[in-house]
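Colleague: Shown below is the structure under consideration.
The values are calculated or read from the model by the stated rules, or taken from the named source; none is laboratory data. Not measured: the values here are computed from a predicted model. All Cβ positions, even for glycine, are placed from backbone atoms using ideal geometry, and neighbour counts span all protein chains on display. Keep in mind that these areas ignore ligands, DNA and RNA; they rest on the heavy atoms of the full protein, side chains included. Shrake-Rupley method; radii C 1.70, N 1.55, O 1.52, S 1.80 Å.
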Amino acid sequence: MVLGKVIGMVWSTRKDESLVGSKFLIVRELNLDYTPTNKTVVTVDSVGAGVGEVVLVAQGSSARQTTITKNKPIDAVIMAIVDKLDISVKQKVEDLVEN
Amino acid sequence: MVLGKVIGMVWSTRKDESLVGSKFLIVRELNLDYTPTNKTVVTVDSVGAGVGEVVLVAQGSSARQTTITKNKPIDAVIMAIVDKLDISVKQKVEDLVEN
Amino acid sequence: MVLGKVIGMVWSTRKDESLVGSKFLIVRELNLDYTPTNKTVVTVDSVGAGVGEVVLVAQGSSARQTTITKNKPIDAVIMAIVDKLDISVKQKVEDLVEN
Amino acid sequence: MVLGKVIGMVWSTRKDESLVGSKFLIVRELNLDYTPTNKTVVTVDSVGAGVGEVVLVAQGSSARQTTITKNKPIDAVIMAIVDKLDISVKQKVEDLVEN
Amino acid sequence: MVLGKVIGMVWSTRKDESLVGSKFLIVRELNLDYTPTNKTVVTVDSVGAGVGEVVLVAQGSSARQTTITKNKPIDAVIMAIVDKLDISVKQKVEDLVEN
């Protein structure tokens, strides 16, 4: 999964009939320190995420493994809202030494 | 899904028999401000999109989850025509601060 | 799908038993003006394509949705031979303006 | 599969109901000499890996082929803990000659 | 599929139970002139490939379409050993002209 932040929505009235009622959220991928990357992905939300929230996005066929995305032409789903990240201090120190 | 704009068509008479009648549309991927990227993808259209329209494209096995692409050797489908994007103002301000 | 040109073959006698009789074609991906990119992919052909022909390649699980690739360890298939591309003139003008 | 090292965890209380009880581990991808790359992926663990361990990660639909990830919206799984890599000496010499 | 060369092995005793007995081979991706790229992938072998051999690797769900990888959390399989590549002379000349 990738870490991202919900930054907006896509409005669409003409869409595949299986997608009527689906809400498309725009997610910007984040680095582990929450700084934004230049990658964005349009997703469907399965957990009630709102704009500004940090989330996890699953992609590919795995995006169809939720009740609301099953059998739909959807390749990215928000399947978790992130409370916090816990990065190993040891790892952080190693990163400093290497950089 | 990725955001893109339909910019043309691919003509093909010799193709897999399951694809007879399928129309291949060329989509250029777009940034969130609608500027073009250098990435293009050839798609099948499930929603009646035309050249110049802004669309969403689903890829991989998810591209086969529409009535007209089911069980076909198709890895990209246009599954929605975009009316507009709604990007959070707060997010835009943060982007300005960061850049 | 991606646009490409058949540039050669891979010879292999020791291969998965389901692939006996399969012919592996090397495809170089093309830009929309037919100039070559630096990306290549090894494919199986489902439409009788030959060296020098411009084709479409479907990848991932979609590559297994043809009679000759079904249930085989194949992740790229040639599923159409391209007659011509039709790129919107309006789009070309916009590209010039932007670049 | 990709080689990586577990560097932390993602805490999430609001997630798809199928994921209750799943633990999300952050994996940094590694080069073959164990130096870190700048790519990270959020995974679910199927083998009891802990922070600091070197692991293999399977992605896409293959990530759902374990007892604990089956039918869940998960696109990356830790499916092996690495004891050691064995790189051919001949290959190393060739790399030196080429670089 | 991608072209690669087997350069080593990954040793792992703690792995998903379905993988007991599976051998993980490290493959470096190659250019068409057999020079190495900087990309590597960890694979399972279905054809008896050894270190130093040039092979084809199928990825994604297609990697599970062999007897020994079926239903396993494996996203890359060696499904052919390469005897030789046959690149069109015409294509080579065109490449020279373009570069």
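Colleague: Taking every residue in E:64-72, how many Cβ atoms of other protein chains lie within 10 Å of its Cβ, on average?
Modeller: 4
Colleague: Filter E:Lys23/E:Lys72; C:Lys15/E:Lys23; C:Lys23/E:Lys84; B:Lys5/C:Lys5; A:Lys39/B:Lys39; B:Lys70/C:Lys70 down to the pairs with a C-alpha to C-alpha distance above 20 Å, please.
Modeller: B:Lys5/C:Lys5
Colleague: Also, I was wondering about something else. Which whole number gives the average, over all residues in C:11-23, of C-beta atoms from other chains lying within 10 Å of the residue C-beta?
Modeller: The per-residue average across the peptide is 5.
Colleague: Right, here's the next one. So what does log10 I(q)/I(0) come out to for segment A:1-45 at q = 0.23, 0.26, 0.27 Å⁻¹, using the Debye formula with one equal point on every Cα and no solvent?
Modeller: Normalising to I(0) and taking log10 leaves -0.76, -0.88, -0.92.
Colleague: Also: For chain A, take the longest principal axis of its alpha carbons; what is the angle in degrees between that and the long axis of helix A:89-98, to the nearest 10 within 0 to 90?
Modeller: Approximately 70 degrees, to the nearest ten.
Colleague: Let me ask something additional. At each listed q (0.14, 0.34 Å⁻¹), what is the log10 of I(q)/I(0) that the Debye formula gives for segment C:33-75 modelled as equal alpha-carbon point scatterers?
Modeller: Results for segment C:33-75 at q = 0.14, 0.34 Å⁻¹ read -0.37, -1.36.
Colleague: With every protein chain present, what is the per residue accessible area of the protein assembly as shown (1.4 Å probe, Å²)?
Modeller: 44 Å²
Colleague: Moving on to the next point. With θ taken as phi - 60° and the coefficients 6.51, -1.76 and 1.60, list the Karplus ³J(HN,Hα) couplings across segment C:37-43 in order, rounded to whole Hz; mark glycine and proline as x.
Modeller: So the J values, rounded to whole Hz, are 9, 9, 9, 10, 9, 8, 10.
Colleague: Hey, any idea what % of the protein assembly as shown's accessible area is carbon plus sulfur with a 1.4 Å probe?
Modeller: 53 percent
Colleague: May I ask you to report, in nm to one decimal and beginning with the shortest, the distances from E:Thr37 to the same position in the other copies, taking label points 7 Å along Cα-to-Cβ?
Modeller: Nearest first, the other copies' label points are 1.1, 1.1, 1.8, 1.8 nm away.
Colleague: Taking H as built 1.01 Å from N, whose amide H comes closer than 5 Å to the amide H of E:Asp75, not counting residues under 5 places away?
Modeller: D:Gln59
Colleague: Per residue Cα convex hull volume for chain C, in cubic angstrom?
Modeller: So the per-residue hull volume is 111 Å³.
Colleague: A further question on this structure: Provide the buried accessible surface between chains B and A in square angstrom, both chains summed, 1.4 Å probe, rounded to the nearest 100.
Modeller: 2400 Å²
Colleague: Computed from the mean reciprocal separation of all distinct C-alpha pairs, what Kirkwood hydrodynamic radius does the protein assembly as shown have, in Å?
Modeller: 23.5 Å
Colleague: A further question follows. Return the average number of partner chain Cβ atoms within 10 angstrom of each residue Cβ along peptide B:37-47.
Modeller: That average works out to 3.
Colleague: Tally Lys/Arg at +1 and Asp/Glu at -1 over every other residue whose Cβ is under 9 Å from the Cβ of C:Gly4; what's the total?
Modeller: Here the charged neighbours net out to +2.
Colleague: Here's another thing I want to ask about it. Place +1 on the Cβ of every Lys and Arg and -1 on the Cβ of every Asp and Glu in segment E:2-98, take the dipole about the Cα centre, and give the residue among E:Ile81, E:Thr40, E:Met9 whose Cα lies farthest towards its positive end.
Modeller: E:Met9
Colleague: Using a label point 7 Å beyond Cα on the Cα-Cβ vector, give me the inter-copy distances for B:Gly48 in nanometres, one decimal, shortest first.
Modeller: 3.6, 3.6, 5.9, 5.9
Colleague: While we're looking at this one, here's another question. Put the label 7 Å from Cα along Cα→Cβ for E:Asn71; what are its distances to the other copies, in nanometres, shortest first?
Modeller: Result, one decimal in nm: 1.5, 1.5, 2.4, 2.4.
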